[in-house]
Amino acid sequence: MARRIKRFGGQQETLPIKSPKQLEQVMRYLRLQQEHAKTEIKKRQAYRNYMIFLIGFNTAFRAEDLLQLRVKDVEKGYISIKENKTGKMQNFRMNKNFHNEVMKYIEDMDLTSSDYLFMGQKTKNTYKGKQSKVLYPVTRQNMNKIFHKVSDAVGIDFKFGLHSLRKTFGYMYILNGGNVITLMKMYNHDSPDVTLVYVHWGKEDAENDREAIFIGGKNTSKK
């Protein structure tokens, strides 16, 4: 059965970025954080954060699936994962430029095939009386703090979180002429109407598109 969108009373819903300019401001801020990092550790963390946004915007995965990605899931340029929430498979080939940037990150961060893409911090883990250091992926809680910083820095005045990356993908896909039926299948929604509500494609978006269209008129520009 296709997934239905769940709504929870009293909780503010995360929203997509609708402005391409604001989207570029977000990515520019994250790049600058990396460029101006004062220590190697801070630089690696900033690079990781930038890639979480980049990969989140381009895969439209839910937060739990995004943060659990391993190198082996992306290194061949073809993503095939089982969604944690639905148990369904996600299978698609990556855009070539996107894959190249991901592979550069993997190389620069010296990650192995079994490593998580987005490393957190080492923690001690005890198994059968033996203690070892285990490196887990960055937590959703830590990422929420990063999203708050990005929101403040860029001036985002709506609820912006990890799930916004997934929604922004859909909104930008439609904005750039993508087929809503195809997007519906990407999201595994029940209908196009559900998808349009999910990415918050509303009346103002339809009005903006109509204003941009002028068909069959005379060219009044002077030569």
Residues of the stretch 118-129 classified as over 16 Å from the mean Cα position of the chain (by Cα) and modelled with pLDDT of 65 or more, total: 3
Candidate set: the stretch 34-66, residues that are over 8 Å from the mean Cα position of the chain (by Cα) and small (Gly, Ala, Ser); chosen: the one surrounded by the fewest Cβ atoms within 10 Å (Cβ to Cβ): Ala37
Residue that is surrounded by the fewest Cβ atoms within 10 Å (Cβ to Cβ), among those in the stretch 10-33 that are outside any helix (DSSP H, G or I) and in contact (Cβ under 8 Å) with a residue 24 or more places away in the chain: Gln12
Residue match in the stretch 204-221 (condition: touching a helix residue (DSSP H, G or I) at 6+ places or on another chain (Cβ under 9 Å) and not acidic (Asp, Glu)): no
Verdict on Ile41 being within 20 Å of Arg140 (Cα to Cα) and in a loop (DSSP other than H, G, I, E, B): no
Residues of the stretch 157-202 that turn out to be farther than 17 Å from Ser19 by Cα, part of a loop (DSSP other than H, G, I, E, B) and either polar (S, T, N, Q) or in contact with a helix residue (DSSP H, G or I) (Cβ under 7 Å, 6 or more places away or on another chain) (or both), as a count: 4
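The values are calculated or read from the model by the stated rules, or taken from the named source; none is laboratory data. What you are looking at is a predicted structure, and each value in this text was computed from that prediction instead of being measured. For neighbour counting, all protein chains shown are included, and Cβ atoms are generated from backbone atoms with ideal geometry for every residue, glycine included.
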